[in-house]
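Let me begin by presenting the structure, written as structure tokens, before commenting on it.
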Amino acid sequence: MALQFQPRSLISGRAAGPRGASGAPWGWALAGVGLGLVVGSLVFAPARWLGSWVQQSSNGQLQLQEAHGTVWTGSARLLLTGGAGSQDQATLPGRLQWQLRPALTGGAAGLVLQLRADCCLLQPWTWRLSPHWGGGQVVLSDSVSQWPAQWLSGLGTPWNTIAAQGQLALSTQALTLNWSAGRLQLAGRAQLDALELSSRLSTLRPMGSYRLTLSGGATPGLQLVTLKGALQLSGQGQWVGNRLRFAGEASAAPESLAALSNLLNIIGRRDGARSIIKVG
């Protein structure tokens, strides 16, 4: 009886072996092709994909035009616009270059973004991006940069009416932005100096120089002061939740009031020789 069952068992074993072996190589090959396509798509993802994400995230106000390269290493012309349906736009001189790399940031997987712009950045600007549960964090390296004030006219009203000219000097120190549960928390400091500003609304050139300081903390604060000039600007603000509340005023030296009157009408609500500025 044992001899009768043994051949049948051996035949059954031989028949099953080739079928299982012949199926495995095709399965692994298909899996390899699929993995290769995914990896290739990630590695060689075109720069326009990043441009689409930036445009959607900024509601169309910041755009990467004429993007070349890949998501990871590329360049583009940086465009400011007034958003959907706006005809206003202004392009930053030269091209913005970027390098994006996976990295461990704070012990977790993240990304390191390095920006270069010959027109404006004195040295590469590094951003470390770390996603976490319910939000993410961006840590900016200390930097000093200069940007043309006329670039802001691309944002539309009221910037296109003011048509400011001059230099914007931006510096950051230990600046960290953290999103958690839909709320923005900020640490560190950013300072924007608007130097030798002028406007097509005034014959007075320049009108003055100004400093806007952003300070992090439990309640991030914003301060505006005048460094020099006939146009005097001042104000204080703070973020409450995700909303900015700012109160300030603009005024002119008596001998320059006539030359600055049109600008004062645009800046805020006119109250005699001054304009009241309120946001939020």
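Observations, loosely collected:
- Every residue from the stretch 59-81 that is over 18 Å from residue 124 (Cα atoms), open to solvent by 30 Å² or more (accessible area, probe 1.4 Å) and outside any strand (DSSP E or B): 59, 61
- Candidates 211, 189, 205: the one that is open to solvent by 50 Å² or more (accessible area, probe 1.4 Å), part of a strand (DSSP E or B), farther than 26 Å from residue 130 by Cβ and in contact with a strand residue (DSSP E or B) (Cβ under 9 Å, 6 or more places away or on another chain) is 211.
- Of all residues in the stretch 162-172, those satisfying the criterion of being more than 15 Å from the chain's Cα centre (by Cα), open to solvent by less than 50 Å² (accessible area, probe 1.4 Å) and on the phi < 0 side of the Ramachandran plot are 162, 164, 168, 169, 171.
So that you can scan it fast, the table gives a plain yes or no per residue for (1) in a strand (DSSP E or B); (2) farther than 24 Å from residue 60 by Cβ:
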site: 126; (1), (2): yes, yes
site: 157; (1), (2): no, no
site: 160; (1), (2): no, no
site: 167; (1), (2): yes, yes
site: 179; (1), (2): yes, no
site: 185; (1), (2): yes, yes
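- Annotation: of all residues in the stretch 82-97 being of a type in the set (A, V, I, L, M, F, W, C) and either in contact with a Phe, Trp or Tyr (Cβ under 9 Å, 6 or more places away or on another chain) or farther than 18 Å from residue 123 by Cα (or both), the one that is most open to solvent (accessible area, probe 1.4 Å) is 84.
- Residue in the stretch 98-111 that is modelled with the highest pLDDT, counting only those that are open to solvent by 30 Å² or more (accessible area, probe 1.4 Å) and touching a Pro at 6+ places or on another chain (Cβ under 9 Å): 99
- For the stretch 112-124, taking the residues that are aliphatic (A, V, I, L, M) and part of a strand (DSSP E or B), the one that is least open to solvent (accessible area, probe 1.4 Å) is identified as 117.
The values are calculated or read from the model by the stated rules, or taken from the named source; none is laboratory data. A quick note: this is a predicted structure, and the numbers were derived from the prediction, not measured. Here Cβ is always computed from backbone atoms with ideal geometry, including for glycine, and neighbour counts include all displayed protein chains. Remember, those area values only see protein heavy atoms, side chains included, never the ligands or the DNA or RNA. Shrake-Rupley method; radii C 1.70, N 1.55, O 1.52, S 1.80 Å.
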